[in-house]
Protein chains: 2
Amino acid sequence: MSAEVAKRPGSMRKKRTNDPQGMRCRVLDVAEDCFQARGYHASSLGDLMAAAGVTGGALHHHFPTKKALALAVIEERVAAAVRQTWIEPVRAAPSAREGVRAVFETLAAALEQQGYVRGCPLNNLAHELSFADPDFRIALADIFAGWRRAIADKVRADQEAGGEGGTDPDRFAALTVAAYSGAMSMAKTAQDAGVLRECLAGLERVEPSPSQNGPPARRRRRVLRQQPIR
Amino acid sequence: MSAEVAKRPGSMRKKRTNDPQGMRCRVLDVAEDCFQARGYHASSLGDLMAAAGVTGGALHHHFPTKKALALAVIEERVAAAVRQTWIEPVRAAPSAREGVRAVFETLAAALEQQGYVRGCPLNNLAHELSFADPDFRIALADIFAGWRRAIADKVRADQEAGGEGGTDPDRFAALTVAAYSGAMSMAKTAQDAGVLRECLAGLERVEPSPSQNGPPARRRRRVLRQQPIR
DNA sequence: CTAAAAACAGGACGATCACCCTGTTTTGGA
DNA sequence: TCCAAAACAGGGTGATCGTCCTGTTTTTAG
């Protein structure tokens, strides 16, 4: 592929500067990228070493096995990606629904101008690794759980602040994460981000809640439509 | 794993009975199972040969390459699984919404008593293969498209029959497929099918449409219940 | 300054893996 | 009946992969 990627400029011959953090980070960068693009099993350590400009010895020093490397990618990079792409924007949004909408639209727009769809980092690895290996599975499940919890907590916060009617927080969170994950799966397979917008449109019509809510409201006033049974 | 799987009883030594269809089917069975459980790249042809009781020559005769085998699994088995699990039940249901609900509940119940969650066959392969290889991608995208089309067509049929208000058929189909795919992804990662029920509950609150909506059953007798369109 | 530990280099090794090739047996049509 | 093609058997091969091992260089602690 691209000839020289890194290798540190190191002016002249000889002399080496140890930079364990930097090297570890470079390996993680390349591994994250390669695992997303080709998958875990289809990425060889030789590819990664070449792409990162790292020798076998160095790689083995920081990550004893390929599995350890992937686990680090999941726990450090994938978890961070979900946090930064989903959790923080939703927390910062004026409401859960608005946050979800903003994330969907931001992502869709980014993918459309990117020209290709690589899929959701979490789901990509989850599908390939979660059933075969318990360690991978648990690490990935934790990320899913944190993602859902963040959305559900936001709904609860909205409710305590007066907004958002009887929406079940956990149910809304599960559906949101599922809809996004599935939409990304389709977008990746079709190489078209349009389905993200379709799913968002559908999501926004979920249980518009008995209280406020602009144009698409009205009705929903019957007698006792939903018992507090939950 | 399990010692002897097949190998044809063949009473005594000598004598062979050619059964190209049967052998092809056995290979496909094993490949489908193995690809779902371990993934494409993690399944070696040696594993498949041993599990199916097939020699290298026979395997190579029916499927020249591993990719050809996977393509056959996708086009014949995965497509059939989606047809049988989703498309036919939804078509046969009294309405799109009821069909979707029935499929979700059937699947959730089956997974719960199965004890483990292997994930959606289509999504499993789509995540691992669709971005890296165009041939795989197109084959998988076609299945997704057929799945969505079947649901959308059912909604349209409901509308022409008088039921189902202003629900956008394509939007509803996209959200349904996405929610199911994503829910299965989470269920597989958490090894818990409960999230399927949560997502179904959320899905059923999508755009209940300006017309009817109440206890989920009853009704459906109106004037022209089901046109002979079939 | 010195010694030990950490960081890195680079090659070797055994184990697969997917594919191919050369035979042998079975089958169906002429 | 005969023969060509299909169906199947089974071993071989080159490539590749993940891991490990032996050195060398840099950093750090005392």
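Taken together, the values in this text are just the output of simple stated rules run on the coordinates, not laboratory data. Note that this is a predicted model, so its numbers are computed, not measured. In this analysis, Cβ positions are derived from the backbone assuming ideal geometry, glycine residues included, and neighbour counts consider all displayed protein chains.
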Note to self: Going by amide H atoms built from the backbone, whose H comes under 5 Å of the H on A:VAL206, apart from near neighbours?
What the structure shows: B:GLU207
Notebook entry, point to check: Straight-line reach from B:LYS154: which aspartates and glutamates have a Cα under 14 Å away, not including same-chain ones fewer than 8 places off?
Noted result: B:GLU88, B:GLU98, B:GLU164, B:ASP168, B:ASP170
Notebook entry, point to check: Hey, which aspartates and glutamates would be in cross-link range of B:LYS67, C-alpha to C-alpha under 18 Å, not counting anything within fewer than 8 residues on its own chain?
Noted result: A:GLU128, B:ASP29, B:GLU32, B:ASP33, B:ASP47, B:GLU75, B:GLU76, B:GLU128, B:ASP133, B:ASP135, B:ASP142
Item checked: Positive-pole candidate from A:VAL73, A:ALA178, A:THR167, dipole of region A:66-203, charges at beta carbon -> A:VAL73
Checklist line | Semi-axis lengths, Å, region B:22-61, gyration tensor of Cα atoms, sqrt of 5 times eigenvalues | finding: 16, 11, 7
Check: What number, in percent, do you get for the relative contact order of region B:66-203 if the mean sequence gap of Cα pairs under 8 Å and at least 6 apart is divided by its residue count?
Finding: 30
Next item on the list: From other protein chains only, count the Cβ atoms within 10 Å of every residue's Cβ in B:166-172, then give the mean.
Entry: 3
Next item on the list: Calculate the dipole size of region B:18-64 relative to its Cα centre from +1 charges on Lys and Arg beta carbons and -1 charges on Asp and Glu beta carbons; express the result in debye to the nearest 20.
Entry: 80
Notebook entry, point to check: Each label point is 7 Å from the Cα along the Cα-to-Cβ direction; what then is the distance between the points at B:THR106 and B:GLU204, in nm?
Noted result: 1.7
Next item on the list: With a cut-off of at most 14 other beta carbons within 10 Å, and DSSP calling the residue loop, which chymotrypsin sites (Phe, Trp or Tyr not before Pro) in region A:102-155 qualify? Please list them.
Entry: A:TYR116
Next item on the list: For a quick protection proxy, order the peptides B:197-205, A:37-45 by their average other-Cβ count within 10 Å, most packed first.
Entry: B:197-205, A:37-45
Notebook entry, point to check: For region B:66-203, what ratio Rg/Rh do Cα atoms give with a Kirkwood hydrodynamic radius?
Noted result: 0.98
Notebook entry, point to check: Across the residues of B:188-198, average count of Cβ atoms on other protein chains within 10 Å?
Noted result: 6
Next item on the list: State the Cα centre-to-centre distance between region A:30-59 and region A:61-80 in whole Å.
Entry: 11
Checklist line | Exercise: per-residue mean of other protein chain Cβ atoms within 10 Å, B:117-126 | finding: 3
